[in-house]
1. Please state the relative contact order of the chain as a whole percent: Cα pairs under 8 Å, 6+ residues apart?
2. Quick one: which of Lys22/Lys147; Lys6/Lys147; Lys156/Lys245; Lys22/Lys160 span more than 28 angstrom between C-alpha atoms?
3. Determine the dipole magnitude for the chain: charges of +1 sit on the beta-carbon of Lys and Arg, -1 on that of Asp and Glu, nothing else is charged, the reference point is the Cα centre, and the result goes in debye to the nearest 20.
4. Can you say what percent of the DSSP beta bridges in region 3-165, counting only those with both residues inside, are antiparallel? Round to 5.
5. In whole Å and largest first, what semi-axes does the C-alpha gyration tensor of the chain yield when each eigenvalue is scaled by 5 and square-rooted?
6. Determine the alpha carbon to alpha carbon distance for each of Lys158/Lys237; Lys158/Lys203; Lys183/Lys272 and list only those over 24 Å.
7. Would you order Phe209, Phe363 from fewest to most other beta-carbon atoms within 10 Å of each residue's own beta-carbon?
8. When the helix-only estimate is applied to the chain (DSSP H runs of n ≥ 4, each -39,500 (n - 2.57), divided by the residue count), what is the mean residue ellipticity at 222 nm, nearest 500 deg cm²/dmol?
Amino acid sequence: MATKDKFVPMKLGINGLGRIAKLSIWHQVERQYFSELVVNIGREVGSGLEDIAHFIERDSSYGALNHYLYGCRAGRVIEEIDPTAGTMRINGVMVRFLTRERNPSAIGWRDQGVDLVVDATGAFLDPTLPPDAPKGSVRGHFAAGAKKVVVSAPFKIKDKTREIPPDAVTTVMGINDADYDPKVHNIISNASCTTTCLAYLVKPMLDYFGPQRILSASMTTVHAATSSQQVLDRSPKTGVKDLRKNRSVSNNIILTTTGAAKALSLVIPEMKRIGFIAESVRVPVTTGSLIILMLLIQDESFKEPINRDKINGIYRNAQQLYPESYLLYSEQQNVSSDIIGMPRAAAVIESHETHTRTAAVRFDLNHVLAICATLAGAGEADLGPTIDVNQAMRNAVPSGSDRNQRIIEIPVTQAVIYGWYDNELGSYTNMLGDRTVSIARLMQA
């Protein structure tokens, strides 16, 4: 960051002290943009403030905070620990810890001088709930004095009959962050780590081919373990339907679900017209995940079909279009640990594993015409601008002994693209930090 951006007279509130909250502290004390961080834990931790410092400065996935900041020879960067005030200075940034209130409406951001809050608890994801909801609400932060809230997860609306309110928006930095209107939006979802990576895999393909040529899409994320899983097998809680998350995370490959496809349509609206399937597989690593994206693309030629060089070239060129190296194209042979901590890389394209296959999709135009007539008769389709059926019939080739059957062949290419992402610090938390600072700058303008 430029010197002029360091230590602006603005405080940042962080609600929670889980993985994303802790690593957000790492990001912000390295960035040194906010003059002070106010972290609400909502409970006592260990035997006091020293134990909080111990938790913050060490991490099993990323090593020691001081080594992350300055290399292996660096000394301790946490100083001035004041148990009475509940403060410490981390890499020169004052950090204050609150331990009394868990309900957002009671935290007291106004008393702390905090206008901007990152809610990283994962507990308050429904923007339709009122501030005084019995179990708390993201809108409770406004009752406590905050003006803007960034949520470190996708929205989850419990009442399926309700829509996302007009003052809430989902953004991914570099993809649709311009959708944020500071005069309208007060609750900003930073989507998820998987949606962030997926957006950077899909957007270059949409920009190049257009949504009309992408016939369908599917993805599988091979995802690192998260804190929602169990270290050892345990009995499920009352009402739990997915029994697999109660199995040992260190011993198993576990099938689970992902909301990335739904969230992606909020970030890239063109995806609403494309059939999309998203699946997730949890594997026993602490961080470093992979998306396998499969696209079915309407091709233009059997003689010169879309090939891996074409797909790789699209990504190679696209990486120049996004700020902060959000998209990286790699010709190396990577494994998941190579991606850990990679700054701001929403997606790292593993070009060695890009694959394509082009085949002919055969249509019986007599059957197509019958379907078109049925749809048009039911008022469900206006097919005129879409296909010149008569021209297609003239170009169709008679098939077999049935001279009335006319077949048309369309080239379709299936592309398989691999994208790495560090689902904790490297990709998601660093981009969350960029989103937070960009909002802060607009608030100060």
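Coordinate-derived values only; no laboratory data. If you're wondering where the values come from, they're calculated on a predicted model, not measured in any experiment. Because the Cβ atoms are built from the backbone with ideal geometry, glycine has one as well, and the counts that use them run over all protein chains shown.
1. The value is 14 percent.
2. On the way: Lys22/Lys147 22 Å; Lys6/Lys147 22 Å; Lys156/Lys245 19 Å; Lys22/Lys160 32 Å.
Going by Cα-Cα distance, Lys22/Lys160 fall outside the 28 Å limit.
3. Numbers: 48 positive and 46 negative charges, 131 e Å.
Here the chain has a charge dipole of around 620 debye.
4. Working: 9 of 28 bridges.
Just about 30 percent of them are antiparallel.
5. Details: eigenvalues 431, 117, 89 Å².
Equivalent ellipsoid of the chain: 46, 24, 21 Å, largest first.
6. Lys158/Lys203; Lys183/Lys272
7. Result, fewest neighbours first: Phe363, Phe209.
8. When only DSSP H runs of four or more count, the value is -7000 deg cm²/dmol.
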